[in-house]
1. Tell me the accessible surface of Asp159 in square angstrom (1.4 angstrom probe, heavy atoms of protein chains only), to the nearest ten.
2. At 1.4 Å probe size, put Arg111, Arg135 in order of accessible surface, largest to smallest.
3. Just how much of His94 is accessible, in Å², when a 1.4 Å probe is used and the result is rounded to the nearest 10?
4. Leaving out ligands and nucleic acids, and using a 1.4 Å probe, what accessible area per residue does region 133-176 come to in Å²?
5. Accessible area of region 55-209 with a 1.4 Å probe: how many percent of it is carbon plus sulfur?
6. Output the peptides 185-191, 161-167, 85-91 sorted from most to least packed, where packing is the average of other Cβ atoms within 10 Å over each peptide's residues.
7. Answer rounded, prolate or oblate for region 64-209, using the Cα gyration tensor with square roots of eigenvalues a ≥ b ≥ c: rounded when a/c is under 1.5, else prolate when a/b is larger than b/c, else oblate.
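The values are calculated or read from the model by the stated rules, or taken from the named source; none is laboratory data. This is a predicted model, so every value here is computed, not measured. Cβ sites come from the backbone with ideal geometry, for glycine too, and all protein chains shown count toward neighbours. For the accessible areas, the whole protein counts, side chains as well, though only heavy atoms, and no ligand, DNA or RNA atoms are used. Shrake-Rupley method; radii C 1.70, N 1.55, O 1.52, S 1.80 Å.
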Amino acid sequence: MHAWCWCKQMSALASWASRLLTQAEDKQKTKDFTDSLKDGAFDFLVALVADVKSQDWQDPARTGMRQWLQRKTPGLSPDWTQFSDFFQTCLVQHLEVFVDAFISNLPDVLRWLRAEEDEQRQLSQTHEHDLDLERFLIIIAYTYENRPEAAMSFWTDPDSNLAGFMHWASRRASTPLVTAFCEMLQAIAENATCANAAHEFLLDEGHHA
C-alpha cells in the first residue's frame, strides 16, 4: 500500500520535470503501473477498502457492484474483527492521496483503461471484459463516503484535475461505467453543499449530452 502511494507521489515529478525523463523511462513508468493493474491491483484495493470500512448497514447496490468487480481477491471471513476507527481513517486518507495523484499524474493510463475496455466490448459482447476503470470509481466511492470535507476537493475548483476527471468519466460511458460513476457521485455528494454542486454538475452534463 505504501509502495503504491509512493509510486504515485513520485510520478508528480513528471508535472515539472518531464523534459528530464527520457521516452523510455516514461514508457517504463506506465508499463509498471499497467502491469500492476493486470495483476489485480485495483481488485485488491476494492477488497481492502470495502472490508476495512465498518458499516452497520451496507448499500445493497454498492455491495452488489463490489461483488461483481471483485474477482481475484477473496473477502474477509465472516468472523473477522472490526478495524479501529483510527486505522480506517488512516487508510482512506492514504487512498485519497492515491486517487488525487493517479488522476493528476497518470491521465494517459486512465485513457488507456477506457480505450481498452471499449475495444474489448466492441470485439465481444459475451467475453469477460477488464473493468479496472469501474473498480477505480468504486475505490473513490468507498474512500470519500461520509467524508464531505474531503469530497469538497471535487467541487471547489471547476478547473481542477478532479473536476475534469468527473466530466471525462461521465460522458459517453458504458452501462457498467455509468453504474460505477453513480456510486462515486453519491459518495461525494453527501452534505448540502456537495449535493448542490452535484446537482449543478448534472445540469451542466445534461446540456452536453
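1. 140 Å²
2. The residues order as Arg111, Arg135, largest area first.
3. 70 Å²
4. For region 133-176, the solvent-accessible area averages 41 Å² per residue.
5. In region 55-209, the share of accessible area belonging to carbon and sulfur is 53 percent.
6. 185-191, 161-167, 85-91
7. Taking the square roots of the gyration eigenvalues as a ≥ b ≥ c, region 64-209 is oblate.
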